[in-house]
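Below is one structure, written out as structure tokens; comments come after it.
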Amino acid sequence: MSVTNRLPEHVFIIGAGIAGLSCAEALQAHGVANEIFEKRAVVGGRVNTKSHSDWRCDDGAQYFTAKDPAFLRATTKWLQQGIIALWEPRLSVIEGDPVSIRAKPSANNKRYVGVPSMGALPHCLAAGHKLHLNSTIDQLRRTQLGWQAHSKERGWSENHAQALVLALPPAQSLMLLQDTPGSISSKLATFSMRPTWALMLRMPDNFDPGFDAAFVNVGPLRWLAKDSSKPGRAPNNIWLAHASGQWSELNIERSVDEVGKILNAEFESLTGGAALEAALHLWRNADTENAADNGCFWDAGMSLGVCGDWLAQGRVEGAWKSGYELANKMCFISTTESLDVEFSEVEFATQAYCDALELRESVLRKPLGRSLDIDDLEGEDKQFHFAYFNKRGEVVATISAKDLGEKVIKLRQMAVHEAFRGKGIGAMLLQKVETVFKAKGFKFSQLHARKKAQGFYQKNGYQRVGDVFQEVGVAHLKMTKKIS
Ligand SMILES: Cc1cc2nc3c(=O)[nH]c(=O)nc-3n(C[C@H](O)[C@H](O)[C@H](O)COP(=O)(O)OP(=O)(O)OC[C@H]3O[C@@H](n4cnc5c(N)ncnc54)[C@H](O)[C@@H]3O)c2cc1C
């Protein structure tokens, strides 16, 4: 069988928010060239820092948290690079009638911020990518040569791309896809976004309400933060106040002057401080009321993908994950097509099961001078078995899985035929079985990885647990991944 790599050679990404940038980075890691089109003069979208006369303030995302293993790895890298830092504000909650302020324990939540501003993170992520700023994409077309994008400012793109990614809020994606056939558009119409008014304030040097950040549960405001208490900021007294989604929606058509007066007065009444200078910004698409957890949409027939925070539970982490997952999906699916293999569950004691055993024997045991033994096969009649088959029906990759109880599935005996290594089939197999077990209600996937394969499993979201141990005479590690 001839195996050719049919990854898209070139991808257009519309939108340089965190989702678009993480997609670009992951595509680049797969060796796929991309160009990013962004309507604004800066990257970052809702991760933004506004500059004023001689001060600046993060007016969109305030900080982010990290739970997903892949995002945690990215966060650790950014920390090491000094692009972000931990922010440990004195936190309070403001609530009640009469209004009271109480300190809020931080509940071990690590809050990360860009350094020296939130805008620094997207700025660093965008470095090294081909960017078209001030390019508002208002039309798309697909010719025999591939996708083209039309911007208000520059007209049609000179290049064509084999695949297109929309990393925009849902309404903008829908607008661009209105003349495009395919199933994605119908899925977008169900999402709606809420606005947020953001008030930025320069306060007198001696202003200190006794907290650096507060969740507000009364009146129009929902969040207050001393921007200048974040690491790496200038030593002035800059504050940010966000209005609630509900209040912002009700007051979206009011003038900046009117809204500024109301929110300034509210800030003053909650904190006792009057601003020396203030500025206001309206985020029309701040957050999604009904954010999904699909991760992303990919239509392989149209070579069209959609990502964004609204497809992955919102927030910076969701946006990053959505772009990352889309890039991986595009590459894995293309790889499956190019490899021409088919995934299937395998029943115990069938011919396919025996073929899978043969592959396991030759890949996992023979190189160690061993054979599969009774211990290896014990209980396999109650376990799950899967394989990728080539066109001739031969098993080219296999994996088994054992239910450990308490919603934990243990993956075992993964083997990939020599001719199929280095082509992404191992990652595809993991992704497929994780999807199968997620659908069956499992929450965690666990495995014993050979130590030299630790990097592969880490790349696929697994985390090491505990010390190295010996199994079949080889150093192993226990690794786990949350799959739901
Ligand atoms: C007020 C506010 C507070 C927030 N607070 C937090 C927080 O504390 N923690 C947290 O984790 N998250 C927070 N978020 C959410 C977080 O900012 C978002 O989840 C995340 O940044 C979304 O990234 P994205 O790439 O999906 O979308 P976006 O950031 O919206 O990126 C979309 C990009 O597409 C561009 N674009 C749009 N239309 C076009 C077009 N036609 N052509 C070209 N480009 C186009 C936009 O300019 C933008 O750059 C907050 C958001 C707001 C607004």
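Look at (1) open to solvent by 50 Å² or more (accessible area, probe 1.4 Å); (2) away from the ligand (no atom under 12 Å from the Cβ); (3) outside the structural domain of ALA24 (by TED's automatic domain parsing) and you find that PRO209 fails only one, number (1).
Condition check ((1) modelled with pLDDT under 85; (2) part of a helix (DSSP H, G or I); (3) within 16 Å of the ligand (Cβ to nearest atom)) across all residues:
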position	(1), (2), (3)
GLY295	no, no, yes
GLY318	no, yes, yes
ALA327	no, yes, yes
SER344	no, no, no
TYR353	no, yes, no
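Return a yes/no flag: does segment 137-146 have any residue that is more than 26 Å from the chain's Cα centre (by Cα), more than 10 Å from the ligand (Cβ to nearest atom), within 30 Å of TRP87 (Cα to Cα) and open to solvent by 10 Å² or more (accessible area, probe 1.4 Å). Scanning segment 137-146 turns up no residue that is more than 26 Å from the chain's Cα centre (by Cα), more than 10 Å from the ligand (Cβ to nearest atom), within 30 Å of TRP87 (Cα to Cα) and open to solvent by 10 Å² or more (accessible area, probe 1.4 Å). Considering segment 55-150, the qualifying strands (runs of 3 or more DSSP E), each wholly inside and each with 2 or more residues that are within 30 Å of PRO209 (Cα to Cα) and among the charged types (D, E, K, R), run over 56-58. When we screen THR49, THR76, THR65 for residues that are open to solvent by 20 Å² or more (accessible area, probe 1.4 Å), under 23 Å from ARG284 (Cα atoms) and among the polar types (S, T, N, Q), the only hit is THR49. Please indicate, with yes or no, whether at least one residue in segment 110-133 is within 11 Å of the ligand (Cβ to nearest atom), open to solvent by 20 Å² or more (accessible area, probe 1.4 Å), on the phi > 0 side of the Ramachandran plot and in contact (Cβ under 8 Å) with a residue 24 or more places away in the chain. There is no residue in segment 110-133 that is within 11 Å of the ligand (Cβ to nearest atom), open to solvent by 20 Å² or more (accessible area, probe 1.4 Å), on the phi > 0 side of the Ramachandran plot and in contact (Cβ under 8 Å) with a residue 24 or more places away in the chain. Candidates in segment 221-276 are the residues that are assigned to a helix (DSSP H, G or I) and under 11 Å from THR196 (Cβ atoms); of these, the one that is most open to solvent (accessible area, probe 1.4 Å) is GLN246.
Residues that are part of a helix (DSSP H, G or I), open to solvent by less than 10 Å² (accessible area, probe 1.4 Å) and within 30 Å of LEU174 (Cβ to Cβ): does segment 305-314 have at least one? Within segment 305-314, one or more residues are part of a helix (DSSP H, G or I), open to solvent by less than 10 Å² (accessible area, probe 1.4 Å) and within 30 Å of LEU174 (Cβ to Cβ).
Regarding LEU164, is this residue within 16 Å of the ligand (Cβ to nearest atom), over 26 Å from the mean Cα position of the chain (by Cα) and surrounded by 15 or more Cβ atoms within 10 Å (Cβ to Cβ)? Reasoning before the result, please.
On the way: within 16 Å of the ligand (Cβ to nearest atom): yes; over 26 Å from the mean Cα position of the chain (by Cα): no; surrounded by 15 or more Cβ atoms within 10 Å (Cβ to Cβ): yes.
Judged against the criteria, LEU164 is not a match.
One line per residue, one yes/no per condition, for (1) more than 32 Å from the chain's Cα centre (by Cα); (2) more than 12 Å from the ligand (Cβ to nearest atom); (3) under 17 Å from GLN62 (Cβ atoms):
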residue: PHE215; (1), (2), (3): no, no, yes
residue: LYS226; (1), (2), (3): no, yes, yes
residue: ALA241; (1), (2), (3): no, no, yes
residue: GLU253; (1), (2), (3): yes, yes, no
residue: GLU266; (1), (2), (3): yes, yes, no
residue: LEU276; (1), (2), (3): yes, yes, no
residue: GLU289; (1), (2), (3): no, yes, no
residue: LEU311; (1), (2), (3): no, no, no
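Yes/no matrix, rows are residues, columns are (1) closer than 24 Å to LYS67 by Cα; (2) over 21 Å from the mean Cα position of the chain (by Cα):
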{"position": "ILE409", "(1), (2)": "yes, yes"}
{"position": "MET414", "(1), (2)": "no, yes"}
{"position": "LYS423", "(1), (2)": "no, yes"}
{"position": "GLN458", "(1), (2)": "yes, no"}
{"position": "GLY461", "(1), (2)": "yes, no"}
{"position": "GLU471", "(1), (2)": "no, yes"}
{"position": "VAL474", "(1), (2)": "no, yes"}
{"position": "LYS481", "(1), (2)": "yes, no"}
{"position": "SER484", "(1), (2)": "yes, no"}
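Scanning segment 9-41 for residues that are in a loop (DSSP other than H, G, I, E, B) and more than 8 Å from the ligand (Cβ to nearest atom) yields GLU9, HIS30, GLY31, VAL32, ALA41. Criterion first (hydroxyl-bearing (Ser, Thr, Tyr), more than 10 Å from the ligand (Cβ to nearest atom) and at pLDDT 95 or above) does SER92 satisfy it? When the stated conditions are applied, SER92 passes them. Among the residues of segment 97-106, are any under 27 Å from the mean Cα position of the chain (by Cα) and either in contact (Cβ under 8 Å) with a residue 60 or more places away in the chain or within 25 Å of SER244 (Cα to Cα) (or both)? For segment 97-106, residues under 27 Å from the mean Cα position of the chain (by Cα) and either in contact (Cβ under 8 Å) with a residue 60 or more places away in the chain or within 25 Å of SER244 (Cα to Cα) (or both): present. Assess whether GLN178 counts as being modelled with pLDDT under 95, more than 24 Å from GLN246 (Cβ to Cβ) and within 15 Å of the ligand (Cβ to nearest atom). Against the criterion (modelled with pLDDT under 95, more than 24 Å from GLN246 (Cβ to Cβ) and within 15 Å of the ligand (Cβ to nearest atom)), GLN178 qualifies. Within segment 241-265, residues that are closer than 15 Å to ALA275 by Cα have Cβ atoms under 7 Å from residues that are part of a helix (DSSP H, G or I) in these pairs: ALA241/LEU263; ALA241/PHE267, counting only partners at least 6 apart in sequence or on another chain. Residue check: VAL468 meets all listed conditions (1) in contact with a helix residue (DSSP H, G or I) (Cβ under 7 Å, 6 or more places away or on another chain); (2) among the aliphatic types (A, V, I, L, M); (3) open to solvent by less than 40 Å² (accessible area, probe 1.4 Å) but one, namely (3). Under the condition of being out of contact with any helix residue (DSSP H, G or I) (no Cβ under 7 Å at 6 or more places or on another chain) and part of a strand (DSSP E or B), the residues counted in segment 154-192 number 4.
Yes/no matrix, rows are residues, columns are (1) more than 28 Å from the chain's Cα centre (by Cα); (2) β-branched (Val, Ile, Thr):
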| site | (1), (2) |
| --- | --- |
| GLN178 | no, no |
| ALA198 | no, no |
| PRO204 | yes, no |
| PRO220 | yes, no |
| VAL256 | yes, yes |
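Could you check how many residues of segment 372-429 are polar (S, T, N, Q) and open to solvent by less than 10 Å² (accessible area, probe 1.4 Å)? Selection size over segment 372-429: 2.
The values are calculated or read from the model by the stated rules, or taken from the named source; none is laboratory data. It should be emphasised that the depicted structure is a prediction, and the values quoted were computed from it without experimental measurement. Neighbour counts run over all protein chains shown; Cβ positions are idealised from the backbone, glycine included. All accessible areas refer to the heavy atoms of the entire protein, side chains included, with ligands and DNA or RNA removed. Shrake-Rupley method; radii C 1.70, N 1.55, O 1.52, S 1.80 Å.
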